[in-house]
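For reference, the structure discussed in these notes is given below.
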Amino acid sequence: MIAIDTNVLVRILVEDTGQIEQTKRARELVKTAQKVYITQIVQVECSWVLAKVYKIGKADLLEVLEHLLVNPDYVLQNNESFQTAVTLFRQSQADFADCLILTESQYAKTALYTFDKRLGKHSNTVLL
């Protein structure tokens, strides 16, 4: 198993015509490695890059995140919280990063203090 950073994961997931060689190398790496570990920070950064840089809409971003969940080639750091965050992301107006932050605070059995009104309606959030 190998771990990859955000740039490699994005190259695997996106057909970027400006990065054809990197895309090819990243995809070959996954085939060779067979198992790829994806840390939570890479999960968050990837969702942000796809949404902000590549302008991928929520429905397509959900497809990507769900692909990471079900593809046996990927081993996600804290798979359970990732899955819960994807569900929350699907149901809310918050972005994926905020959904993962909320999910992790719920698992830690602690309140999440935030200014984000999109998260304020959840039971363990406190709006400032």
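The values are calculated or read from the model by the stated rules, or taken from the named source; none is laboratory data. Here the structure is a predicted model, which is why all the values come from computation and not from measurement. Here the Cβ is made from the backbone with ideal geometry for all residues, glycine too, and neighbour counts use every protein chain on show. Keep in mind that these areas ignore ligands, DNA and RNA; they rest on the heavy atoms of the full protein, side chains included. Shrake-Rupley method; radii C 1.70, N 1.55, O 1.52, S 1.80 Å.
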Any chance segment 14-25 includes a residue that's among the basic types (K, R) and either in contact with a strand residue (DSSP E or B) (Cβ under 7 Å, 6 or more places away or on another chain) or under 19 Å from Q91 (Cα atoms) (or both)? no
Working carefully through the options A26, A51, A94, find the one that is modelled with pLDDT of 95 or more and either surrounded by 12 or more Cβ atoms within 10 Å (Cβ to Cβ) or within 24 Å of N7 (Cβ to Cβ) (or both). A51
Looking only at segment 9-53, and only at residues there that are touching a residue at least 24 places away in the same chain (Cβ under 8 Å) and of a type in the set (G, A, S), the one that is farthest from E104 (Cα to Cα): A33
Whichever residue in segment 31-47 is out of contact with any Leu (no Cβ under 9 Å at 6 or more places or on another chain) and over 13 Å from L68 (Cα atoms) and, among such residues, is modelled with the lowest pLDDT: Q34
Odd one out for M1, checked against (1) more than 25 Å from I101 (Cβ to Cβ); (2) without any contact (Cβ under 8 Å) to a residue 40 or more places away in the chain; (3) open to solvent by 70 Å² or more (accessible area, probe 1.4 Å): (2)
Please go through segment 13-22 and pick out each residue that is more than 14 Å from the chain's Cα centre (by Cα) and assigned to a helix (DSSP H, G or I). T17, G18, Q19, I20, E21, Q22
Among A33, A108, the single one that is farther than 24 Å from M1 by Cα and out of contact with any Pro (no Cβ under 9 Å at 6 or more places or on another chain) is A108
Among (1) open to solvent by 20 Å² or more (accessible area, probe 1.4 Å); (2) under 26 Å from T125 (Cβ atoms), the one test that S81 misses: (1)
Which residues, counting only those in segment 82-114, are free of Cβ contacts under 8 Å to residues at least 40 places away in the same chain, among the small types (G, A, S) and touching a helix residue (DSSP H, G or I) at 6+ places or on another chain (Cβ under 8 Å)? A85, S92, A94, A111
Looking at Y54, Y37, which one is part of a loop (DSSP other than H, G, I, E, B) and aromatic (F, W, Y)? Y54
Qualifying residues in segment 109-128 (those that are open to solvent by 40 Å² or more (accessible area, probe 1.4 Å) and outside any loop (DSSP other than H, G, I, E, B)) - the one modelled with the highest pLDDT: Y113
